[in-house]
Each structure stands twice: as structure tokens, then as C-alpha cells.
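Working notes, structure below.
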Amino acid sequence: MPVAPSALPVPGKTFIIDESGNGVWGDVPVPQALSIDAIQSIIQDFRQAARNAMEAGMDGIEIHAGNGYLLDQFINSNSNHREDRYGASIENRARLLLEVVAAVSEEIGARRVGVRLTPMGRFMGMGDSTPIKTFGYIAEQLNTLGLAYLHLVEPAMVGTVRDEAVDPAWDEIMQALRARFSGVLMIAGGYDQQGAEAALSAGRADIIAFGRPFISNPDLPARFRQGFAIAAADDSLFFGGDARGYIDYPTASAPLTHTSEEQSGD
């Protein structure tokens with residue numbers, strides 16, 4: 001049984017393995033609302049996971065509080081209908097994230113911790129009644145903790161798809177969070193090389209992150225530097241399956257076996 005801040009229907013599907021071992025998209029059952037005790041256990045799970053990562057040789061960890069995952073569900077008013085200390089007010093809805101950050105920072109040091117947020121996210125039913133206030137409060141709280149960075153996904157991204165219907169509020173919230181977080185700010189979402197360089201020049205962020213382009217371009221930084229074509233990923237091989245479409249893309253010095261075309265990604 002899935003869990004969530006509140007027992008509400010989930011407007012989307014999730015990737016599962018069927019009885020034959022095939023990857024398929026399935027409906028999500030109405031989740032069970034988490035108890036306070038279960039929430040405390042989850043905080044400790046994050047702590048242990050961070051310690052495990054360090055022991056495995058990682059340099060640091062990123063707490064994923066976006067894209068409709070559990071921490072994001074607590075943050076957004078659409079998905080959090082609780083009336084206890086983890087719901088209702090902005091401070092309460094942000095509480096779980098901040099307690100997770102505190103626990104992980106205590107375990108491995110704040111300078112090894114980053115946080116990812118999707119302000120104004122709409123994926124999997126996310127949404128907040130006062131997004132600038134909500135995410136502005138979170139940015140201000142994170143600003144005091146000495147984190148490695150804050151990672152924001154551009155609001156125009158809905159899952160892995162860019163929404164081309166421009167809403168002025170998207171830029172407003174990004175500018176507000178840039179102003180409220182004085183540490184290293186990373187952004188992602190639909191960027192190509194030209195767009196990334198323009199965003200850095202404009203001071204929109206300190207770092208631009210790329211996700212999907214790295215799957216099909218293991219040498220992506222070198223391709224950017226040398227002006228090589230960017231290979232498009234075969235998204236039919238995403239989510240499950242074997243190594244095909246993940247570790248079999250060549251570097252630019254070898255013949256390309258996938259279509260070479262400009263591709264953006266998060």
C-alpha cells in the first residue's frame with residue numbers, strides 16, 4: 001500500500017513490473033495517510049540512507065523534495081490536507097522536509113547536502129495555493145543551513161515535458177527564490193547548451209544541471225566544448241528493461257548509433 005500525507009486519489013500512473021516481469025504503467029491505489037510515528041521513521045530512513053551513501057563512497061547526497069515524491073506531497077496544499085503539525089500552514093507543510101534536511105545534515109554535514117524542489121510543479125496532481133509564499137519560506141529556511149546547493153526545476157517542466165504555454169508566475173517564482181537563497185543555486189529543466197549559457201550569463205543560477213542528455217551523451221561536457229552533435233536518447237527504453245539505452249551510447253569519438261539531433265533535458 002502506498003503512503004502519502006493524506007489519503008487522496010492520485011491523478012497519474014506509476015511504473016510497475018507485471019506478473020510476467022514486464023515493465024508497465026499501472027494505476028496508483030489511494031494511498032494511506034502516514035501516522036506521526038511513521039513520519040518519524042521515514043526521517044530516520046533518510047538519515048540512514050545518507051550514511052549508507054557516504055560509506056559507499058559518495059561525495060554527497062541530494063534530497064529529492066520535488067516531482068510529486070513524498071516530501072513534495074507534504075509541501076503542496078493540493079496533496080497535503082492534514083490538520084496536525086505536518087499540515088495546514090506553510091510552516092507545517094514544510095516541516096517534514098526541514099526535519100529530513102536537519103537529520104541528514106547532522107549525519108553527514110550540511111556541506112555534503114543538496115535539496116531539489118519543483119516550485120509550481122503540477123506533476124502527479126501537485127499544486128499549491130500560495131506557491132511563492134510556500135517555496136519562498138522553504139528557500140529562506142534552507143538559506144540558513146549552509147547546504148552545498150539548492151536545486152530548482154524550471155516550473156515550465158511538467159514531469160519530463162516542457163509546457164510551452166508561458167505563465168509570468170513561472171519567472172516570478174524563480175526570481176523570488178534566487179533572491180531568497182544566497183548559496184549556490186542550481187537549476188534544471190529543458191536546457192540545451194545555448195539556453196544554459198544564457199541563464200548563467202543572466203545570473204538566473206550558478207549551475208545548470210542536465211539529466212536526460214547525459215544518458216545518450218556520456219561525454220556531454222566534451223561535446224559542448226567541441227561543438228559536437230548531441231545524440232537523442234531512445235525514450236522507448238526508459239523505465240526498466242536491460243542495459244540497452246542506458247550504457248551503450250558511444251562517445252563522440254566513436255560512430256553514433258542513435259539519431260544525432262539537438263535535445264534538451266532536465
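Here, each number is a calculation from the coordinates, and none is a lab measurement. All values reported here derive from a predicted model rather than from experimental measurement. Here the Cβ is made from the backbone with ideal geometry for all residues, glycine too, and neighbour counts use every protein chain on show.
Suppose we keep only residues that are assigned to a helix (DSSP H, G or I) and among the acidic types (Asp, Glu) within region 39-79. Which one would you say is farthest from Val101 (Cα to Cα)?
The extreme case among them is Glu55.
Checking Ala88 against (1) assigned to a loop (DSSP other than H, G, I, E, B); (2) without any contact (Cβ under 8 Å) to a residue 12 or more places away in the chain; (3) over 17 Å from Ser129 (Cα atoms), which single condition isn't satisfied?
(3)
So the check is Cβ under 7 Å with 6+ separation or different chains; which pairs have a first residue in region 96-111 that's touching a residue at least 40 places away in the same chain (Cβ under 8 Å) and a second one that's aromatic (Phe, Trp, Tyr) and crowded, with 17+ Cβ neighbours inside 10 Å?
Here the result reads Leu96/Phe74; Leu96/Tyr86; Leu97/Phe74; Val100/Phe46; Ala103/Phe46; Val104/Phe46, each pair linking region 96-111 to a residue that is aromatic (Phe, Trp, Tyr) and crowded, with 17+ Cβ neighbours inside 10 Å.
Which helices (runs of 4 or more DSSP H) sit wholly inside region 168-220 and have at least 1 residues that are of a type in the set (Asp, Glu)?
Correct list: 168-180, 193-201.
If the requirement is being surrounded by 18 or more Cβ atoms within 10 Å (Cβ to Cβ) and out of contact with any Gly (no Cβ under 8 Å at 6 or more places or on another chain), which of these qualifies: Val101, Val113?
Testing whether each residue is surrounded by 18 or more Cβ atoms within 10 Å (Cβ to Cβ) and out of contact with any Gly (no Cβ under 8 Å at 6 or more places or on another chain) leaves just Val101.
Report yes if Ala252 is in contact with a strand residue (DSSP E or B) (Cβ under 8 Å, 6 or more places away or on another chain) and not β-branched (Val, Ile, Thr), otherwise no.
Judged against the criteria, Ala252 is not a match.
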